[in-house]
Structures are given as structure tokens and as C-alpha cells.
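The values are calculated or read from the model by the stated rules, or taken from the named source; none is laboratory data. These figures come from a predicted structure and were not determined experimentally. The area values use the complete protein model at the heavy-atom level, side chains included, leaving out ligands, DNA and RNA. Shrake-Rupley method; radii C 1.70, N 1.55, O 1.52, S 1.80 Å.
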Amino acid sequence: MDARFLRTLSGPAGILGGIALVLLALVVTADVVARGMGFALIGAAEIGGVLLALLVFLPLAYTQHLRGHVAIEVLVSAFPRRLRRWADVASLLICAAFSIVLVAGCGETAWESYAQQEFQVGTMSFPLWPVKAVVALGFLLLSIQLVIQLIGALLVATGRRHDDQDESSLPQTTL
């Protein structure tokens, strides 16, 4: 799969995650103000939960594309250039495998939720499968991004693709 195709999916997913953050802030603020005035907004907690899922899982692939996830660099930054390349390959392989397992599990959970017509029960009820599907979609996009980066890292580590980065900008492991 072409990396540009993934960016056309992960970029808008990241934007939707950002919009979910703004909406979550508005919902929480409105609920706090309403509670201060002596009443609660019906469904604020449920809407907040949905927005939180969108906020966390949709931007995963785009953040990985930017290499923006938390990375522990203390040990890896001390490695020689070649070993650092292989540490990046190992890290991407582990993360991709873990993410693929999460896609399978979350996808199965979303399908079961849809098949059973599972609903959130609270001050307002709504189907849960769309939220669970968004979680699976976020992990799917992340898995594709990780595999694309893994292939690129393997090509560089094996010398099949030239890497024009200087020593200070070498990718760091994501583990």
C-alpha cells in the first residue's frame, strides 16, 4: 500500500481527533458550568466517552507518521548508527505485531457489539458498535503505518535504500 494513500486517511483521522478534543472541552466546560448552576447536562458523560475514544484512537497513525509517540531514547541514542537502525526495525516489528493483534481483537469486539445490538445504558442510550469500530479503525491505520515504516527501516538497515539523514536525525526506537 502506498504511503500517500495512508496519509490521505490518517491525516483526516487526525483532524477528526483534534475536532473531538475541542468538542470534548466544550462538553466538559458546559457540563461544569451547568452543574455550577444546579443542574446537569443529560448525556454529557456519554458524549464525553465517545469523544474521548475518537480523540485517542483516530490520530494514532498520523502521530506515528510524524514519529510523535513517546520514545525512550536513553539507551538507543548511545548505539552506533547501524545498531540504531536495527533497533528501530525491531521496535517497529514489535509495535506492528502488537497493533495487528489489537486490530483483530477490537474488530471482533465491534462486530459482536453490532451483531448483538449492544447499547450504552445511562442518561441516554446509543449503540456501542460505532465507537468500538472507531477504535478498531484507529488500530488498523496505525498497523498499516507501522508496516510501511518497518519496510522502510528494513530497506535502510540492509543498505537497499540510501538514507540521507545525518547522525542527529536518526529515527529513535518507539519502544
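Leaving ligands, DNA and RNA out of it, report the carbon-plus-sulfur percent of the accessible area of the chain at a 1.4 Å probe.
71 percent
Determine the gain in length on full extension of the stretch residue 79-residue 26; use 0.36 nm per residue of separation and subtract their C-alpha separation, reporting nm with one decimal.
Contour length minus the Cα-Cα distance gives 14.5 nm.
Scale the Cα Rg of the chain by the rule-of-thumb value 2.2 N^0.38 Å and send over the ratio, two decimals.
Taking N as the residue count of the chain, the ratio is 1.28.
With Kirkwood's inverse mean 1/r over C-alpha pairs for Rh, give me the Rg to Rh ratio of the range 95-164, two decimals please.
Ratio of gyration radius to Kirkwood radius for the range 95-164: 1.27.
Just the accessible area per residue of the chain, please: how many Å² with a 1.4 Å probe?
Result: 59 Å² per residue.
Helix 129-157 against the longest principal axis of the chain: what's the angle in degrees, Cα atoms only, rounded to the nearest 10?
10 degrees
Percent relative contact order of the chain, based on C-alpha pairs within less than 8 angstrom and at least six residues apart?
After rounding, I find 32 percent.
Hey, could you pull the Cα Rg and Dmax for the range 1-78, both in Å?
Radius of gyration, then largest Cα-Cα span, for the range 1-78: 17.4, 57 Å.
For residue 120, list long-range residues whose amide hydrogen, built 1.01 Å from N in the peptide plane, is under 5 Å from its own amide hydrogen.
126, 128
What is the angle, in °, between the Cα long axis of helix 44-57 and the longest principal axis of the Cα atoms in the chain? Nearest 10 is fine, range 0 to 90.
Value to nearest ten degrees: 10.
Subtracting the Cα-Cα distance from 0.36 nm times the residue separation, let me have the gained length for residue 19 to residue 45 in nm, one decimal.
Gain on stretching residue 19 to residue 45: 7.6 nm.
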